[in-house]
Amino acid sequence: MTSPRVRFAPAPTGFLHVGSARSALFNWLYARNTGGTFVLRVEDTNAEKTTQEFVDAITEPLAWLGLDWDEGPYFQSERLELHMAAVQQLLNTGHAYYCDLSQEEIEAKNDEAGLKGGYHGWSRDRDVGDGPGVVVRFRAPDDGVTVIDDIVRGRVEIAHETIEDFVIRRGDGSPVFLIANAVDDHDMGITHVIRGEDLLNTAPKVMLLWDALGYGEKPVYAHLPLLVNEQRKKLSKRRDSVALAAFRDEGYLPDAMANALALLGWGPPDEVEIRPMAEIVELFSLETVNKAAAMFDVQKLGHINAEYIKGLSAAEFTAAAEPWLTSDEAPWPADAYDSAVVEALAPEIQQRISKLDEAAGWLTWLFVRPTEFDEKSWSKAMVKGRAADRVLDEVIAALDGDDFSDAGRIEQIVLGVGDALTEALDARVMSQAPVRVALTGGGAGIPLWQAMTLLGRDECLARLRAARAQFG
RNA sequence: GCCCCAUUCGUCCAGCGGCCUAGGACGCCGGCCUUUCACGCCGGUAACACGGGUUCGAAUCCCGUAUGGGGUGCCA
């Protein structure tokens, strides 16, 4: 058997959405698993719309996801003459004919014949000639069936009587994707057509064209279950925010994204969900793809991404998060940023976020002095009854002589103050909370001690004194 | 309307006639750890759409019904 050739054939719509990305991924997985070839083909019947920008909107997200293609991108628009030749061939062989009927005229004829909807071969024998506004229709067989032996869905039969004489060339002379599809898949030696279930109904039409053109052996089909939203509707770029680029911008890692996408409609036999793509490639098979539509669950994506973030080394994490930490949106002035601080604290940040754009929130106080104290945290930690004022006084005094070189020592000093007070006052005194509020402005965050060494003695003491002054 | 497809925990995935008192993951709930928040660990919650068959035996096979979805374009 010759090695498989698969293709991902998106229309240039301006961006790639997760449903398309999933189709691309499954094609890629199949190609890599079988040692086949992954072809990228842009289905642009409207050639003038295909600007470089639109092409980039497809290729960049694919590359980001790690889906490298072996051939292409080919452009349908550049193969127009071949498509037109195929239309002409069908015309010559009697498989297609011209039709000049308008939508209104077709409806009128349907009404007259007592038929509802569709097109019923009205111009088959009218001997219409070509001209402006005239379309070419395929003469679909009146009886018999086309069988799709779909790898995912099994045997699907479509009765030919339900297939109307569909248009293969528009009134403006341009070919419709159905004919382009048949021609391109044939010319490019495509062996497996792997795509969304929404295209299942177009398969018999292309197969009919395929036979009429005398192309011989057809590709095998595999229609993937649709990706749906919370309402169980097909993911739509209109309703749902599903641009792959948007996920990238929020700080999802490409490997995590690809891993998550691979789990929609398919699962590894050993039930280990989060794993390197190389293993997924190894385990993947079209035969084990699900039939039922899958909901794209951002919460699970978040969990997978969090796991991937935790798996990064400190240096890798710092580099990966840098775009968010150095952007204009970062909550600190550009010159206050210090990547060394981030790298030192990376493990603490990594275990607290599920997307890279959440990193800044944990780091703000290290790069800029808090402008105000969180009210709730203040009232919880800074109560005199719990000796917060004395804690701050003694922590300030004890820390004043320290050189802030050792996180462990700072911890001992601060906690020691609390313990001593606990003994003296015969009531549990927690010294961490007031110090945290004084330093960070809030009550929750990464561990203090190491961060304090990074902040430095002068800044720490200044913040502690400022907070102490609030007591009046 | 017509054609096509699907139906296992809230969600994703496992199960492809007996191993199922249905397994894993996310989420949720509880506990442990912890002088913050997390992480981690332990435990719990929760599903075979319904009705008929076939079979010694069905989540698994067949047929209906219901529900959901896709298509029905001179979009792809």
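On average, how much accessible surface per residue is there in chain A, in Å², for a 1.4 Å probe, leaving out ligands, DNA and RNA? All intermediate terms of the calculation are to be shown ahead of the outcome.
Details: 22320 Å² over 472 residues.
So chain A comes to 47 Å² accessible per residue, rounded to a whole number.
So for each of A:392-399, A:6-13 I average, over its residues, the number of other beta carbons within 10 Å; can you give me the resulting order with the highest mean first?
Values: A:392-399: 18.6, A:6-13: 22.8.
Ranked by mean Cβ neighbours within 10 Å, highest first: A:6-13, A:392-399.
Based only on Cα atoms, what Rg/Rh ratio does segment A:11-151 have, Rh being taken as Kirkwood's radius?
On the way: Rg = 20.3 Å, Rh = 18.8 Å.
Value, to two decimals: 1.08.
Hey, how much of the P(r) for segment A:385-425 falls beyond 16 Å, as a percent of Cα pairs?
That tail contains 31 percent of the Cα-Cα pairs.
Take every DSSP beta bridge whose two residues both sit in segment A:1-140, then give the antiparallel share in percent to the nearest 5.
35
Expressed as a whole percentage, what fraction of the accessible surface of segment A:155-220 belongs to carbon and sulfur atoms when a 1.4 Å probe is rolled over the protein heavy atoms? Please report the intermediate quantities before stating the final value.
Working: 1160 of 2470 Å².
That share works out to 47 percent.
Using all Cα-Cα distances in chain A, what percent lands in each 20 angstrom bin from 0 up to the longest?
Using 20 Å bins, I get a P(r) of 20, 37, 23, 14, 6, 0 for chain A.
Straight distance only, please: which aspartates and glutamates reach the Cα of residue A:116 with their own Cα at less than 16 Å, same-chain residues fewer than 8 apart left out?
A:104, A:105, A:107, A:161, A:164, A:165
Can you pull the one-decimal nm distance between simple spin-label points at residue A:273 and residue A:13, each 7 Å off the Cα toward Cβ?
Label-label distance for residue A:273 and residue A:13, simple model: 2.6 nm.
Taking square-rooted eigenvalues a ≥ b ≥ c of the alpha carbon gyration tensor, is segment A:201-316 rounded, prolate or oblate, where a/c under 1.5 means rounded and, failing that, a/b exceeding b/c means prolate? Before the final figure, lay out the partial values.
Working: a/c = 2.38, a/b = 1.73, b/c = 1.38.
Note, shape of segment A:201-316 comes out prolate.
Using only the Cα atoms of segment A:336-472, construct the convex hull and provide its projected area averaged over every direction, in square nanometres to one decimal. Intermediate values should be presented prior to the final figure.
Numbers: hull surface 33.6 nm².
For segment A:336-472, the mean projected area of the Cα convex hull comes to 8.4 nm².
Could you tell me what percent of the DSSP beta bridges with both partners in chain A are antiparallel, to the nearest 5? Don't skip to the end; give the middle numbers.
Values: 15 of 30 bridges.
Taking every DSSP beta bridge with both residues in chain A, the antiparallel ones total about 50 percent.
Let me know the number of lysine pairs in segment A:258-413 closer than 23 Å at the Cα, not counting same-chain pairs under 8 apart. Intermediate results must be reported in sequence, preceding the final value.
Values: A:291/A:300; A:300/A:310; A:300/A:355; A:310/A:355; A:376/A:384.
Lysine pairs, 8 or more places apart or on different chains, close enough: 5.
Please report, as a whole percent, how much of the solvent-accessible surface of segment A:353-472 comes from carbon and sulfur atoms (probe radius 1.4 Å).
Details: 2800 of 5890 Å².
Result for segment A:353-472: 48 percent of the exposed heavy-atom area is carbon or sulfur.
Ordering A:162, A:34 by how much accessible area each has at a 1.4 Å probe, largest first, what is the list?
Reading off the accessible areas and sorting them downward yields A:162, A:34.
The values are calculated or read from the model by the stated rules, or taken from the named source; none is laboratory data. The model shown is predicted, which means the values in this text are computed figures rather than measured ones. Cβ coordinates were reconstructed from backbone atoms using ideal geometry, including for glycine residues, and neighbour counts include every protein chain displayed. Each accessible area value is taken on the protein alone, full model and side chains, heavy atoms only, with ligands, DNA and RNA left out. Shrake-Rupley method; radii C 1.70, N 1.55, O 1.52, S 1.80 Å.
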